[in-house]
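Only one structure is covered here, and it is reproduced in the block below.
No lab work stands behind these numbers, since they all come straight from the coordinates. A quick note: this is a predicted structure, and the numbers were derived from the prediction, not measured. Cβ sites come from the backbone with ideal geometry, for glycine too, and all protein chains shown count toward neighbours.
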Amino acid sequence: MANNGNANGNVWQFKGNTATSDAAAVALRKLVFKMFRNYNLNSGKPILAPSPGDPSASPSFLTCPVAEEAVAAAARSGMANSYAPSPGILKARRAVADYLNGELPAKLKEEDVYITGGCNQAIEIVIDSLAGNSVANILLPRPGYPHYDARALYSCLEVRKYDLLPQKDWEIDLDGLEAAADENTVAMVLINPNNPCGNVYSYDHLNKVAEIARKLGIVVISDEVYKHVVYGDRPFIPMGIFASIAPVITLGSISKGWVVPGWRIGWIAMNDPNSILKSTGVIQAIEDCLDLTPQPSLILQEALPDILEKTPKEFFDKKIKAMRHSVEFSCERLKDIPCLFCPKKPESCSYLWVKLDTSMLVNIKNDFEFCMKLVSKEATQFNGSIANLQ
Ligand SMILES: *Cc1c(COP(=O)(O)O)cnc(C)c1O
């Protein structure tokens with residue numbers, strides 16, 4: 001009463017929803033910016049920006065002029081000023097289907113693709129469309145991408161973790177994956193190319209994952225947002241190849257490949273050759289969720305076909321070369337830092353995932369404390385326990 005009373009002695013009947021703060025507490029953005037509040041403005045040291053997975057600020061990672069032109073042309077055309085239909089405009093959906101189809105045995109049609117406000121919104125929609133059963137759970141990788149944890153928490157979907165094994169090139173602990181599941185498990189999330197570990201999965205490994213998903217009766221959510229950021233020798237294999245074994249929902253966007261995370265355009269692709277996602281109502285749930293949320297910018301939807309179809313291969317090649325060089329350089333320099341150890345040189349994505357040996361450090365108990373002190377003393381940043389490696 002004391003807190004809620006207003007000047008007239010009335011009681012305010014509302015208060016903030018704590019479910020949002022619980023979910024946001026595990027979101028990457030919240031943690032990164034919290035860390036950066038530790039930065040001492042008077043230290044005189046330049047800040048290395050708090051930009052998780054976002055190299056767009058660096059002059060070495062500019063987007064390609066074809067993409068910029070496509071967006072400018074769409075804006076000027078006068079054809080992109082209205083609301084878009086909830087699932088996205090057909091030409092954008094068709095362009096994404098064509099873009100993904102190259103490697104797929106069961107081809108996607110335009111109606112199998114939904115356009116979203118980046119991959120993060122795709123995650124939200126897919127999680128929401130699978131939640132609703134109060135005892136359901138979802139299997140997430142550890143280490144992983146925290147937006148899945150945050151959104152599952154927010155949608156009351158229980159999170160269970162399966163491990164990625166550093167000693168086995170960050171392959172999935174397949175026995176652990178199976179052991180974590182039960183009759184209430186609805187889905188597993190696979191991140192490939194794998195952020196934050198920086199590996200890509202082999203054909204055989206993905207095949208085994210599909211077999212396990214089939215045995216468990218779950219859908220595989222394959223986050224392929226880093227598809228174009230592979231600079232090692234092993235090629236990227238899309239999970240959709242195995243959709244005849246178990247249904248696969250592929251998530252993607254242009255954020256990472258084209259270095260434009262601020263443009264907010266991505267997609268959900270339903271690899272469902274046996275119509276399982278349809279008969280279980282998941283497709284309907286996704287369409288319903290899309291009706292409840294704002295449509296991504298029509299300008300970007302209009303531009304998407306040109307972006308996907310006309311970007312020259314040289315653009316990606318140049319970026320890959322720069323990434324490879326950065327990784328070589330960082331791994332080399334890391335050898336001189338005794339408390340940091342990199343279990344595997346990354347071959348994809350934009351993180352370098354290292355192990356911290358706290359026994360070598362004074363007054364630092366864990367990786368989070370290390371990161372906090374690093375920000376305050378050196379104005380740089382590691383995203384340690386943020387990705388759930390505790
Ligand atoms: C960056 C990232 C996303 C979010 O991508 P947006 O298109 O910018 O929303 C999703 N998944 C993973 C694994 C990411 O690294």
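A crude spin-label estimate for the pair ASN274 and GLU68, with each label 7 Å from Cα along the Cβ direction, gives 4.8 nm. When each of the peptides 7-13, 127-133 is scored by the mean number of other C-beta atoms lying within 10 Å of its residues, the order from highest to lowest reads 127-133, 7-13. Close amide-amide hydrogen proximity is noted between ILE254 and ILE265, each under 5 Å apart and 5 or more residues distant or on a separate chain (H modeled in the peptide plane; Pro and chain starts excluded). Measuring between alpha carbons in the structure, the pairs from LYS91/LYS227; LYS256/LYS345; LYS109/LYS318; LYS256/LYS344; LYS107/LYS227 lying more than 25 angstrom apart are LYS109/LYS318.
Shown in residue order for region 232-249 are the 3J(HN,Hα) couplings computed by the Karplus curve 6.51 cos²θ - 1.76 cosθ + 1.60 at θ = phi - 60°: x, 8, 7, x, 6, 10, x, 5, x, 4, 9, 5, 6, 7, 9, x, 10, 9 Hz (x for Gly and Pro). Shown here is the pair-distance distribution of region 45-180: with all Cα-Cα distances grouped in 5 Å bins from zero up to the longest one, the shares run 2, 7, 10, 12, 15, 18, 17, 10, 6, 3, 1 percent. If only the Cβ of Lys and Arg carry +1 and only the Cβ of Asp and Glu carry -1, the dipole of the chain around its Cα centre is close to 1040 debye. Taking the centroid of alpha carbons for each part, region 303-333 and region 172-222 are 27 Å apart. Dividing the helix sum by the residues of the chain, where each DSSP H run of 4 or more adds -39500 (n - 2.57), gives a mean residue ellipticity at 222 nm of -11000 deg cm²/dmol.
Summing Lys and Arg as +1 and Asp and Glu as -1 over all other residues whose Cβ lies under 10 Å from the Cβ of LEU190 gives a net charge of -2. A crude spin-label estimate for the pair ASP204 and ASN17, with each label 7 Å from Cα along the Cβ direction, gives 4.7 nm.
Here the dipole of region 123-167 is about 120 debye; that uses its Cα centre as origin and unit charges on the Cβ of Lys and Arg (positive) and Asp and Glu (negative). Taking all Cα-Cα distances within region 259-390, those exceeding 17 Å account for 75%. With the biggest extent put first, the Cα atoms of the chain measure 68, 57, 52 Å across the principal axes.
Here's how it looks for VAL219: its modeled amide H is under 5 Å from those of ALA187, MET188, which are all 5 or more places away or on a different chain. Can you tell me the FRET efficiency between LYS161 and TYR83 if r is taken as the Cβ-Cβ distance and R0 is 45 Å, rounded to the nearest 0.05? About 0.70, to the nearest 0.05.
Pairs of Cα atoms in region 309-374 fall into 10 Å distance bins, from 0 up to the last occupied one, in shares of 18, 38, 26, 12, 6, 1 percent.
When each of the peptides 276-289, 321-334 is scored by how many other beta carbons lie within 10 Å of its residues on average, the order from highest to lowest is 276-289, 321-334.
Under 5 Å between amide hydrogens, built in the peptide plane, is the criterion, and for GLU171 it picks out LEU165 among residues at least 5 positions away or on other chains.
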